[in-house]
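The structure appears right after this line, and notes come after that.
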Amino acid sequence: MGKYWYAARNRFMVTTVYRTDFVFGVAVVLFRVIISTFLWRAIFEGSQTLSVQGYSYRDLIVYLLLTNTTSLIFTFDLCFKIGQLVKTGRLTTYLYRPINILYEGLFETLGASFISIPVLLAVVIYFHVNQGTSLILLFIKLAYIVLCYVLWILVLSLISLLGFRMIQMWPLKPIMRGLYMLLAGLLFPLEFFPNNIGRVIKYNPFGLVGSTLSEVIMGRLDGLLIAKINIGMIVGITVLFALYNTLLKRAFRYYEGMGA
């Protein structure tokens with residue numbers, strides 16, 4: 001386990017050395033929130049309504065801040081890890097070294113988010129104190145965040161397996177970002193979709209780490225529903241973990257068969 005903590009530490013040091021990237025990432029998030037704020041202000045003033053789908057203007061701004069802030073944690077860097085290893089030939093070393101690519105990716109992502117995660121936890125505690133909810137509900141919310149993180153790592157790791165088949169992975173970046181902005185609800189809550197479509201897609205992996213996570217923090221979901229979602233994520237994580245290991249073994253056999 002110690003070797004994975006070294007991976008997290010090294011990734012954190014890289015993040016601090018190249019902190020300009022982090023600063024620009026925060027600036028992009030703030031710019032996106034400011035644009036959305038002006039857009040929704042015009043919508044509320046033009047329609048002369050006090051709420052949309054149960055969201056007041058103030059609630060919507062808080063939602064946008066939360067959803068876009070969490071996007072600093074749930075990034076797509078891990079999607080391109082295996083593709084880069086295959087391209088450079090460094091993947092061969094993983095065939096002989098006792099290093100699990102999944103665990104290493106998890107801790108590297110943890111190290112890259114070492115600044116953002118404490119901020120998120122502070123926000124969760126702040127809302128908990130202001131809402132006056134029980135410690136049990138706080139524990140359920142924290143468990144939800146941990147499960148979201150693990151689920152996200154597994155989803156990205158599965159996508160990264162395309163690196164065994166694709167020469168270039170970079171065309172996936174705009175596609176993934178576009179899907180994330182739409183399905184995670186970075187521009188508006190997923191419940192704003194018509195005909196209750198949002199109530200279904202809010203439980204996709206993007207929605208769970210975006211729109212639904214913000215609703216959990218804001219206290220818009222009750223503890224029983226959050227607990228049910230947690231159980232569903234545990235089942236999903238188990239299935240994805242088994243699927244990832246199966247596909248990774250096949251991919252390694254394919255890689256070795258190509259003469260690696």
request  = Determine, yes or no, whether Y57 is without any contact (Cβ under 8 Å) to a residue 12 or more places away in the chain and either open to solvent by less than 80 Å² (accessible area, probe 1.4 Å) or over 25 Å from the mean Cα position of the chain (by Cα) (or both).
outcome  = no
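Yes or no, residue by residue, for (1) assigned to a helix (DSSP H, G or I); (2) more than 21 Å from the chain's Cα centre (by Cα); (3) closer than 17 Å to S71 by Cβ:
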| position | (1), (2), (3) |
| --- | --- |
| G185 | no, no, yes |
| V200 | yes, no, no |
| Y203 | no, no, no |
| I234 | yes, no, no |
request  = Take the residues in the range 37-84 that are within 30 Å of Y103 (Cβ to Cβ) and aliphatic (A, V, I, L, M), then tell me which one is modelled with the highest pLDDT.
outcome  = L66
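Any residue that is part of a helix (DSSP H, G or I), over 22 Å from E108 (Cα atoms) and of a type in the set (K, R) - is there at least one of those in the range 150-172? Write out each step before concluding.
Of the residues in the range 150-172, the ones part of a helix (DSSP H, G or I) are 150-164, 172.
This time we only want the ones that are over 22 Å from E108 (Cα atoms), so: none.
Among the residues of the range 150-172, not one is part of a helix (DSSP H, G or I), over 22 Å from E108 (Cα atoms) and of a type in the set (K, R), which makes the answer no.
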inquiry  = Looking only at the range 83-101, filter to residues that are of a type in the set (S, T, N, Q) and surrounded by 12 or more Cβ atoms within 10 Å (Cβ to Cβ); which one of those is nearest to Q168 (Cα to Cα)?
reply    = Q84
ask   = Just a yes or no: is a residue in the range 37-50 surrounded by fewer than 12 Cβ atoms within 10 Å (Cβ to Cβ), among the acidic types (D, E) and part of a helix (DSSP H, G or I)?
value = yes
query = Can you name the condition, by its number, that F206 falls short on among (1) surrounded by fewer than 17 Cβ atoms within 10 Å (Cβ to Cβ); (2) in contact (Cβ under 8 Å) with a residue 24 or more places away in the chain; (3) hydrophobic (A, V, I, L, M, F, W, C)?
reply = (1)
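Restricting the search to the range 1-36, which residues are of a type in the set (S, T, Y) and open to solvent by less than 70 Å² (accessible area, probe 1.4 Å)? I'd like the intermediate steps shown before the answer.
If we filter the range 1-36 for residues that are of a type in the set (S, T, Y), which is where we start, we get 4, 6, 15-16, 18, 20, 36.
Correct list: Y4, T15, T16, S36.
Being assigned to a helix (DSSP H, G or I), under 21 Å from Y4 (Cα atoms) and not aliphatic (A, V, I, L, M) is the filter here; which residues of the range 56-93 pass it? Full working, then the answer.
Within the range 56-93, the first condition is being assigned to a helix (DSSP H, G or I), and the residues that meet it are 57-70, 77-88, 90-93.
From what's left, under 21 Å from Y4 (Cα atoms): 77-86, 90-93.
Result: D77, C79, F80, K81, G83, Q84, R90, T92, T93.
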ask   = When the residues of the range 94-148 are filtered to those that are in contact (Cβ under 8 Å) with a residue 60 or more places away in the chain, of a type in the set (S, T, N, Q) and in a helix (DSSP H, G or I), which remaining residue is nearest to Y244 (Cα to Cα)?
value = T109
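Out of curiosity, is E191 under 22 Å from T246 (Cα atoms) and in a helix (DSSP H, G or I)? Before the answer, list the steps.
Numbers: under 22 Å from T246 (Cα atoms): no; in a helix (DSSP H, G or I): yes.
No: the conditions fail for E191.
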remark   = Over the range 161-181, the set of residues open to solvent by less than 50 Å² (accessible area, probe 1.4 Å) and in contact with a Gly (Cβ under 7 Å, 6 or more places away or on another chain) is G163, M169
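The values are calculated or read from the model by the stated rules, or taken from the named source; none is laboratory data. Just so it is clear, the model here is predicted, and its values are computed rather than measured. Neighbour counts run over all protein chains shown; Cβ positions are idealised from the backbone, glycine included. Please note that ligands, DNA and RNA were not included when accessible areas were found on the heavy atoms of the full protein model with its side chains. Shrake-Rupley method; radii C 1.70, N 1.55, O 1.52, S 1.80 Å.
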